[in-house]
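The values are calculated or read from the model by the stated rules, or taken from the named source; none is laboratory data. What you see is a predicted model; the values in this text were computed from it and never measured. No Cβ is skipped: glycine too gets one built from the backbone with ideal geometry, and neighbour counts run over all protein chains shown.
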Number of protein chains: 2
Amino acid sequence: MTTEAAGRRVRRPSGGAASLLEVAVAEFNTRGYDATSMEDLSRAAGITKSSFYHHFTGKEALLRAALERALSGLFGVLDEPAATTGTPLARLRHIVRGQVAVLQRDLPYVTLLLRVRGNTESERWALARRRAFDAQIAALVKEAVAAGEIRPGVEPALAARLLSGLVNSVVEWYRPGRPGTANLPDDVARAVFEGILPAAG
Amino acid sequence: MTTEAAGRRVRRPSGGAASLLEVAVAEFNTRGYDATSMEDLSRAAGITKSSFYHHFTGKEALLRAALERALSGLFGVLDEPAATTGTPLARLRHIVRGQVAVLQRDLPYVTLLLRVRGNTESERWALARRRAFDAQIAALVKEAVAAGEIRPGVEPALAARLLSGLVNSVVEWYRPGRPGTANLPDDVARAVFEGILPAAG
């Protein structure tokens, strides 16, 4: 924090670039990226605009950094040993659990990522990365079906879409500490592989 | 269509209130409700603003009519005989299939409904109706669990959220005539009750 900002009774302590990013993501998610100005951001962070520019060149740089964080978390899961070795189905199970865990850990960042519509360069980049992520999972679903690991009749492309839809829908309602979400990664994985409402017996 | 509008080489034929609603919903979904003006709407419909006001008192009346259409479709499913009689699990299966069918039939209307955030009176009304719809389904899930129809370990509230998330996610990618979606209601129901990726054997 600069001395200048410190003298202004900051509303929120600023720990540098990381916490500015956190503030910015919260504003983007609340107001929408397009509707958020650098004034809004510096006000929310409790620092001057010039202090803000010390860390980030502007609004789009913040968006880019936020989207990078969400994407590196998600792609990180695909690189984990349990996601790269083993049967396709076991790898998928690991990935689903990992995706949900990233979504819980980086909730505001993933929320922002999922709302991106492609209006800026960074948004288009993020959309392309999301597509690449989904394509890797769709390929793995196809592999699992081809290997006979999945019950006959499951259409890989549709299954991949429903999988992505189910996992991503969690950002709509999940909040840290929400009751009944202690084992969310396992619970979502079970819903994917056994059903949300599996019949007894 | 008024004679005045007919003389203006309309871009799109207007069949009265119904087709104006269709045009408005498309604009709301593309631009966002808040960003859409009556000018945008009359331009898109190819009629004058005064012709537009002949059918609807304003933008919010259009929003309300569109949300009513989506909600009456969805609540209509809950009133069907197969949704009100039989075991909770059978009723849920019917409802899931019906929900997906409504979503396919009234895609733009349901899309609009699912994007509502509560900024206007009509939006708050729609959000309350959505919550009532979800609550009815959550109650039915609870009944199915209590009746022992669902495999042990499924937490009703979480299952209801995942169910709603999975079904609603379909609006993100479904488009009429999309290959592989001929049996979408059955396919989504199967995903809900047997798993998106059920293991073979």
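Within region A:172-191, track down each residue that is aliphatic (A, V, I, L, M) and either crowded, with 20+ Cβ neighbours inside 10 Å or outside the structural domain of A:Val100 (by TED's automatic domain parsing) (or both).
A:Val188, A:Ala189, A:Ala191
Does B:Leu67 qualify as being in the same structural domain as B:Leu158 (by TED's automatic domain parsing) and over 30 Å from A:Ala199 (Cα atoms)?
The answer is yes for B:Leu67.
Checking A:Asn119 against (1) touching an Asp or Glu at 6+ places or on another chain (Cβ under 8 Å); (2) crowded, with 19+ Cβ neighbours inside 10 Å, which test does it fail?
Among (1) touching an Asp or Glu at 6+ places or on another chain (Cβ under 8 Å); (2) crowded, with 19+ Cβ neighbours inside 10 Å, the lone unmet condition for A:Asn119 is (2).
Of the conditions (1) away from every other protein chain (no Cβ under 14 Å); (2) touching a strand residue (DSSP E or B) at 6+ places or on another chain (Cβ under 7 Å), B:Leu62 clears all except one; give me its number.
Failed condition: (2).
Being surrounded by 13 or more Cβ atoms within 10 Å (Cβ to Cβ) and either away from chain A (no Cβ under 12 Å) or on the phi < 0 side of the Ramachandran plot (or both) narrows it down to one of B:Ala101, B:Ala135, B:Ala146, so name that one.
B:Ala101
Filter region A:59-91 down to the residues that are under 23 Å from A:Glu39 (Cα atoms) and not charged (D, E, K, R) and list them by number.
Once the filter is applied, which keeps residues that are under 23 Å from A:Glu39 (Cα atoms) and not charged (D, E, K, R), region A:59-91 yields A:Ala61, A:Leu62, A:Leu63, A:Ala65, A:Ala66, A:Leu67.
Among B:Leu163, B:Leu140, B:Leu127, which is at the interface with chain A (Cβ under 9 Å from one of its Cβ atoms), part of a helix (DSSP H, G or I) and not basic (Lys, Arg)?
Result of the check over B:Leu163, B:Leu140, B:Leu127: B:Leu163.
Considering only residues that are in a helix (DSSP H, G or I) and more than 7 Å from chain B (Cβ to nearest Cβ), which ones fall in region A:149-160?
A:Pro156, A:Ala160
Would you mind finding the one in A:Leu158, A:Leu112 that is farther than 19 Å from A:Leu78 by Cβ, in contact with a Phe, Trp or Tyr (Cβ under 7 Å, 6 or more places away or on another chain) and assigned by TED's automatic domain parsing to the domain that holds A:Ser72?
None of the others qualify; the one that does is A:Leu112.
Could you list, in sequence order, all residues of region B:141-178 that are under 14 Å from the mean Cα position of the chain (by Cα) and of a type in the set (Asp, Glu)?
B:Glu172
Listed here are the residues, each with its yes/no results for (1) under 19 Å from A:Val100 (Cβ atoms); (2) touching a residue at least 24 places away in the same chain (Cβ under 8 Å); (3) surrounded by fewer than 19 Cβ atoms within 10 Å (Cβ to Cβ).
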residue: A:Met38; (1), (2), (3): no, no, yes
residue: A:Ala45; (1), (2), (3): no, yes, no
residue: A:Leu63; (1), (2), (3): no, yes, no
residue: A:Leu71; (1), (2), (3): yes, yes, no
residue: A:Gly76; (1), (2), (3): yes, yes, yes
residue: A:Glu80; (1), (2), (3): yes, no, yes
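Would a scan of region B:184-194 turn up a residue that is closer than 18 Å to A:Asp134 by Cα, of a type outside the set (Ser, Thr, Tyr), in contact (Cβ under 8 Å) with a residue 60 or more places away in the chain and in a helix (DSSP H, G or I)?
no
Can you tell me which residue within region A:55-96, out of those that are acidic (Asp, Glu) and in a helix (DSSP H, G or I), is modelled with the lowest pLDDT?
That would be A:Glu60.
Has region B:100-122 got any residue that is part of a helix (DSSP H, G or I), under 19 Å from B:Pro156 (Cα atoms) and at pLDDT 95 or above?
no
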